[in-house]
Amino acid sequence: MPPKSPTTMAVLTARAEYHTDWHVYIDDPARGSLGYCTGTGPDEPFDPDAATRVLEQGGWRVTGPWTETPSTDDAPYAATVEKAGPLPEAY
């Protein structure tokens, strides 16, 4: 039997955007664009802990720090993520 090849996890970018409250979006090549509401609401600053928490609940692992993105109003924060396991069907 041939040796098993290591599985590699796709490293993707999660971007935080504000639309009446903070949302995090990931463009998953297998499932398309996925959006998660952080629960941080109107007129509150971006909360990286809330963003990380909602992604973990959705089956993702944040693998890099949330950083400010240069000169973009649409997604002022981003972090690298990878799938932590199978994504829940609700997402």
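Quick look at the numbers
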item	result
Test: ASP74 is in contact (Cβ under 8 Å) with a residue 24 or more places away in the chain, part of a loop (DSSP other than H, G, I, E, B) and open to solvent by 90 Å² or more (accessible area, probe 1.4 Å)	yes
The range 53-65 residues that are part of a helix (DSSP H, G or I), paired with ones that are open to solvent by 30 Å² or more (accessible area, probe 1.4 Å) (beta carbon under 8 Å, 6 or more apart)	VAL54/CYS37; VAL54/GLY39; LEU55/ARG61; LEU55/VAL62; GLU56/VAL62; GLU56/ALA84
Residue tally, condition at pLDDT 95 or above and either among the polar types (S, T, N, Q) or open to solvent by less than 80 Å² (accessible area, probe 1.4 Å) (or both), over the range 47-59	7
Selection from the range 67-85 of residues that are among the β-branched types (Val, Ile, Thr) and over 21 Å from ARG31 (Cα atoms)	THR67, THR69, THR72
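The values are calculated or read from the model by the stated rules, or taken from the named source; none is laboratory data. All values reported here derive from a predicted model rather than from experimental measurement. Note that each Cβ is placed from the backbone with ideal geometry, even for glycine, and that neighbours are counted across all protein chains shown. Calculation scope for accessible area: heavy atoms of the full protein, side chains included, ligands and nucleic acids excluded. Shrake-Rupley method; radii C 1.70, N 1.55, O 1.52, S 1.80 Å.
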